[in-house]
Each structure stands twice: as C-alpha cells, then as structure tokens.
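Visitor: Right, I'll just put the structure down here and ask away after.
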Amino acid sequence: MRIITTIFATLFLGTASLMAQTPEEIVRKMSEQLDRADVEGFTMDLNMKLPILGTIHSHNLVFRDKLKVEASNKTMKKTSWTNATTKWVYAPDTNEIIITAKEVTSTSDGNNLSRFEAIAERYTLKLQKETADAWYIICKKAKANKDKDDPKKMELAVAKDTYLPIYLRAKKSVVAVSIENVTLGVTEESVTFDPAEFPDATIIDKR
C-alpha cells in the first residue's frame with residue numbers, strides 16, 4: 001500500500017510541475033491576448049491618485065483611432081470622444097460640448113496598452129501568489145532598464161480564464177496609477193460622438 005501511495009504522489013507532483021507556468025510564460029500569453037486589441041478594440045479603467053486633486057477615475061473605450069473617455073473626480077465629470085481629426089468634450093455641469101481639432105502631438109490617457117508591453121524584457125518577474133482564478137506577479141525594474149519613466153516596481157494580476165490583466169498597479173514619486181478591468185471587444189458606434197444624444201447642449205466649436 002505504501003508503494004502505491006508513493007507512486008501516486010510521484011505522478012501527481014510530476015503532473016503539477018508540468019502544469020505550472022513561470023511568470024514569464026504567463027506574461028507572454030497575456031501579451032498575445034492583448035495583441036487582439038488592435039482589431040477588436042478594448043476597454044479599461046484608469047485610476048490616478050495625485051496630491052491635492054485626489055483620485056481621478058476614467059473609463060476608456062478604444063476602437064482603432066477612436067477613443068471615448070468618461071473621467072471624474074470629486075468635483076468634476078466629463079466625457080470626451082476623439083477620432084483621427086476631432087475631439088468633443090461634454091461637461092454635464094455646464095451642459096456644453098466643446099469641439100476642437102485633435103492635437104497631432106497629443107497622447108491621450110487610455111488610448112493604448114503600452115504599459116503592458118515588454119514587461120518581461122523591462123522587469124524581473126516573481127510569482128507572489130496563485131489562486132484558483134488568478135496569478136499575482138511582482139514586477140521589479142531590471143538593472144538593464146534605464147528608462148526613467150518606468151516605475152521601480154509594479155504589481156500585476158492576470159486572470160486564468162482569459163489571460164487578460166485584472167490590474168496593473170504602480171507608484172512613481174507621489175503619483176499612484178492603477179489600470180484595471182481590461183476587456184476586449186468594442187463597437188465603433190460605442191466610441192463615436194452622436195450629437196443626437198445631447199439635443200439641449202450648447203455647442204462651442206473652436207476648430
């Protein structure tokens with residue numbers, strides 16, 4: 001009986017070691033899933049905590065060159081839509097829609113997933129813990145990474161069922177940033193400004 005128990009234990013441990021994935025493998029599979037965002041579009045939440053201003057939250061929807069951002073903090077709420085040439089900003093407190101030409105050099109928060117790119121190359125990865133639903137990975141800035149904009153440490157959680165990030169958290173100086181709830185699949189209609197939705201709004205065209 002002891003021999004049979006030993007055999008089963010050996011087989012189980014061997015199978016478990018084969019099923020185990022390194023943090024690098026998990027991040028690589030996550031990146032492969034995020035590559036689909038270029039075609040399918042994506043949504044994500046961005047929380048940014050700053051001194052004095054507090055936490056600014058934005059819900060971002062992206063479909064190719066179109067972006068919709070619903071941003072808010074304790075005192076402000078705005079929605080913006082951007083396409084290749086134009087930006088619309090709606091402020092509910094004034095019921096105004098301001099239209100401007102899109103700045104060529106503008107890099108809007110939420111319009112890409114660049115923070116997830118090259119994590120494996122820029123950071124050393126350590127599996128902090130694993131649950132039935134997710135992997136939790138600590139990302140420490142690699143010595144070879146000389147990019148001053150990269151935070152020294154990030155916390156990454158990846159869902160097991162989708163290989164999509166649950167969150168990516170980082171802090172640099174006094175600013176804390178958390179990217180959460182990344183999902184794939186956005187329609188062009190959902191990110192396109194429709195003036196019919198705001199029949200009573202005042203439109204200010206500054207183009």
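Visitor: Go through segment 143-155 residue by residue and turn each phi into a ³J(HN,Hα) via Karplus (6.51, -1.76, 1.60, θ = phi - 60°); whole Hz please, and just put x for glycine and proline.
Guide: Values per residue, Gly and Pro as x: 4, 6, 7, 9, 6, 5, 7, 7, x, 5, 8, 9, 10 Hz.
Visitor: For Ala118 and Asp194, calculate 0.36 nm times their separation in residues minus their Cα-Cα distance, and state this gained length in nm to one decimal.
Guide: Result: 23.7 nm gained on full extension.
Visitor: Can you give me the distance in nm between label points at Ile56 and Val39, each placed 7 Å from the Cα along the Cα-to-Cβ direction?
Guide: A separation of 3.4 nm, rounded to one decimal place.
Visitor: Please arrange Val186, Val39 by counting, for each residue, the other beta carbons lying within 10 Å of its beta carbon, fewest first.
Guide: Val39, Val186
Visitor: So for segment 55-103, averaging the separation of alpha carbon pairs under 8 Å that are six or more residues apart and normalising by length, what relative contact order in percent results?
Guide: Relative contact order of segment 55-103: 24 percent.
Visitor: What's the local net charge at Ser178, with K and R +1, D and E -1, over the other residues with C-beta under 10 Å away?
Guide: Summing Lys and Arg as +1 and Asp and Glu as -1 gives 0.
Visitor: Remind me, relative contact order of segment 78-207 in percent, using alpha carbon pairs under 8 angstrom and six or more residues apart?
Guide: It rounds to 22 percent for segment 78-207.
Visitor: Further question on the same structure: From the cross-link list Lys129/Lys160; Lys49/Lys148; Lys29/Lys49; Lys78/Lys102; Lys66/Lys206, which pairs have alpha carbons spaced over 23 Å apart?
Guide: From Lys129/Lys160; Lys49/Lys148; Lys29/Lys49; Lys78/Lys102; Lys66/Lys206, over 23 Å: Lys29/Lys49.
Visitor: Calculated from DSSP H runs of 4 or more alone, at -39500 (n - 2.57) each and per residue, what is the 222 nm mean residue ellipticity of the chain, nearest 500?
Guide: Here the helix-only value at 222 nm equals -5500 deg cm²/dmol.
Visitor: Then there is this: What FRET efficiency, computed as 1/(1 + (r/R0)^6) with R0 = 22 Å and r the Cβ-Cβ distance, is obtained for Ala159 and Lys129, rounded to the nearest 0.05?
Guide: E between Ala159 and Lys129, to the nearest 0.05, is 0.95.
Visitor: Pulled fully out, how much extra length does the chain show between Asn95 and Ala144, if you take 0.36 nm times their separation in residues and subtract their Cα-Cα distance?
Guide: Gain on stretching Asn95 to Ala144: 12.6 nm.
Visitor: Only one of the values (i) 32, 17, 14; (ii) 42, 19, 15; (iii) 34, 17, 14 was calculated from this structure for semi-axes √(5λ) of the Cα gyration tensor in Å; name its label.
Guide: (ii)
No value in this document is a laboratory result; all are computed from the given coordinates. Predicted, not measured: the structure shown is a model, and the values here were computed from it. Heads up, the Cβs are rebuilt from the backbone with ideal geometry, glycines too, and the neighbour counts pull from every protein chain shown.
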